[in-house]
Amino acid sequence: MASSACLLTALIHLFIWSRRRDAWEHLLFALAALGTASVAWCDLAMCHAASPAEFSTAARWIQPCLWLTLIPLALFVRLYLSAGRTWLLLAFLVMRTAVVGADFTTGQNLNFLEITDLHKTAWLGEIVSSPIGRANPWMWLGQLSNWVFLAYVADAAFSAWRRGSRRRALLVGGSIAFFLFAASMETAFIVWGHQPWPVMVSLFYLGIIMAMSYELGGEVLRAAQLDRDLRASAEQLSLAAEAVNLGLWFRHSGQSEFSVNNQFRELFGLGAKEQLYIEDFLHRLHPDDRESARQGIAAAFAGDGEYQTEHRVLLPDGEVRWIACQGRVNFDGNGQPGLFQGVSLDITRLKEADLEQQAHRNEIAHLARVASLGELSSALAHELNQPLSAILSNAQAAQLLLARKNQDLTEIHSILHDILVDDRRASEIIRRLRNLYKKSEFQPEPLDTNELIQEVLKLMHYDLRAHSVSVVVQLTRDLPNIRGDRVQVQQVLINLILNAIDAMAQSDGGVRTLTPSSNLEADGRVRLSIADSGCGIAPGTEEDIFQPYHTTKPQGLGLGLSVSRSIARAHGGRLWAEKGTFSGATFHFTVPVWTGSPDEASDAVLNKSRDSPQQTAH
């Protein structure tokens, strides 16, 4: 009965292991159960032995059967409890193997040098045999190996208990310790105590097998319950994914094909049974987005496992969709990639709304630039009048020289050179105005902060001089390039300088000083500041001045600072105001540093130069 129970238990766990090849604890337990079944047959043979020779043969073969039971059991403890000192385990393995050697080389078996007679005893209605003979001194090796095994199990159970696995520690460690101790004591009493008891070692090991089977059976039941819970959770997740049109996808490390749900197939225009591989996925993307998606996947596998991107998908009917993907790569204990899974969501409407909002912001920014044209009109007229007047004067002088009989070619060359210089100057002013007031999309490029400030100051030079404003430039050298749209950043600076001029015009007397400055912030952004010595900002209104249509100018629209803050946010920075150190106000505008490669920066500059009109002097 004990052997049948162990064989049935072994078959059950062998079947579980065949379905789950990574569940090595079930294989080890099945081997231990098979060993216990063979021990039971040896016990039965000893109980029914008719002669000392038959008993001795059965007793000799019980040691290899115990080896087959205890060795897998020791490895099972190490794997199942994830604890136990390695040197104790190795010592037990060596000693238990030595026990089998001593069993076949010393005496008739490990326990007896010689069995002289058998004692017949009535037990549970059967006549059973028990040995009478001389004990084998090598029996101590078997007993010592059992005590080493007990120490190893106790150490593993104690470690598991401290780690929090108290149920496992108590059931596994306690059952092995109790039944193994009882089996050792029974053998010692029979051999050394000459007790006329039948040898029933297998019944004690059967107790271990039953306790372990109860524990593993509970694990199987809990796994089955977990599987049902996971199925229910998967169904709920599937319903939620259908409700929000969320595409689910995953791929195991040993597979080349992605598993996806129906929503993912609809998002990417896949057939109901069409297989999906990584190249098929990339082929569905817009050509401009394929390389970034490939790099994102490679970075996830090589880095922290996080994958997040937005890309366009080209459907078979020509439709273009924006899809946001977010996934994760799960790594095993050795750092090897395992499951790659994630979700995809159609964000086409959000992208279209964002593009529409961006176009709206650009339109408002353009209107604000046009509105400021009136404030700059006198300065612009003067800036253009100077080179045009010089061109006219030089042209008239050249005509007079040419009308003479003896022309001075050197003087004429000098006049023509001055005309070319003034023409280029006027052309440069017109180019700057054209760039500033034309409608354009957001075009980020690497910009030199100090050069940008100097360029705006040149454009505002006459207006500043007309209002008797002195400029004190405080620029930090060797700043990194910023990532921004040249026209929009210039617009912010012009708005801030115009506001500063108006604020200083409203103040009574005093020196009018404008202080543009640039600095590198601790967070890696570059800060552009415009400080003035004007009337300052009323306390508590530092945020009110950025509200749309809030203005203190009689002819103002109240859009300058509002649009400027919108531009700052679109650049990934911020715009704020604070009271000046001594008087006036200071406006700060932060812009992120350009993080692209040098090649990208060169391409951006090249593209910008291609977009700019060629300047030709006539």
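For (1) modelled with pLDDT of 60 or more; (2) in contact with a Pro (Cβ under 7 Å, 6 or more places away or on another chain); (3) over 30 Å from residue 251 (Cα atoms); (4) not in a loop (DSSP other than H, G, I, E, B), each residue gets a yes or a no:
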position: 345; (1), (2), (3), (4): yes, no, no, yes
position: 354; (1), (2), (3), (4): yes, no, yes, yes
position: 381; (1), (2), (3), (4): no, no, yes, yes
position: 396; (1), (2), (3), (4): yes, no, yes, yes
position: 421; (1), (2), (3), (4): yes, no, yes, yes
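The sole residue among 135, 177, 160 that is hydrophobic (A, V, I, L, M, F, W, C), surrounded by 15 or more Cβ atoms within 10 Å (Cβ to Cβ) and free of Cβ contacts under 8 Å to residues at least 40 places away in the same chain is 177.
Summed over region 508-542, residues that are closer than 24 Å to residue 562 by Cβ and either part of a loop (DSSP other than H, G, I, E, B) or more than 50 Å from the chain's Cα centre (by Cα) (or both) total 11.
Every residue, every condition in (1) touching a residue at least 12 places away in the same chain (Cβ under 8 Å); (2) over 15 Å from residue 344 (Cβ atoms); (3) not in a strand (DSSP E or B), yes or no:
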position: 267; (1), (2), (3): yes, no, yes
position: 272; (1), (2), (3): no, yes, yes
position: 282; (1), (2), (3): yes, no, yes
position: 291; (1), (2), (3): no, yes, yes
position: 297; (1), (2), (3): yes, no, yes
position: 304; (1), (2), (3): no, yes, yes
position: 309; (1), (2), (3): yes, no, no
position: 321; (1), (2), (3): yes, no, no
position: 328; (1), (2), (3): yes, no, no
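Scanning region 253-265 for residues that are assigned to a loop (DSSP other than H, G, I, E, B) and under 16 Å from residue 307 (Cβ atoms) gives a single hit, 253.
Considering region 443-467, the residues that are among the acidic types (Asp, Glu) and farther than 18 Å from residue 501 by Cα include one that is surrounded by the most Cβ atoms within 10 Å (Cβ to Cβ), namely 445. Residue 133 meets all of the listed conditions (1) part of a helix (DSSP H, G or I); (2) touching a Pro at 6+ places or on another chain (Cβ under 8 Å) but one, namely (1). Restricted to region 498-531, and to residues that are within 16 Å of residue 466 (Cα to Cα), in contact with a strand residue (DSSP E or B) (Cβ under 6 Å, 6 or more places away or on another chain) and crowded, with 18+ Cβ neighbours inside 10 Å, which residue is modelled with the highest pLDDT? Going through the qualifying residues, I end up with 514. For region 117-158, the set of residues classified as under 24 Å from residue 55 (Cβ atoms) and either of a type in the set (A, V, I, L, M, F, W, C) or not assigned by TED's automatic domain parsing to the domain that holds residue 95 (or both) consists of 118, 122, 123, 124, 127, 128, 132, 135, 138, 139, 140, 141, listed by residue number.
The values are calculated or read from the model by the stated rules, or taken from the named source; none is laboratory data. These figures come from a predicted structure and were not determined experimentally. As a convention, Cβ positions derive from the backbone with ideal geometry for all residues, glycine included, and neighbour counts pool all protein chains shown.
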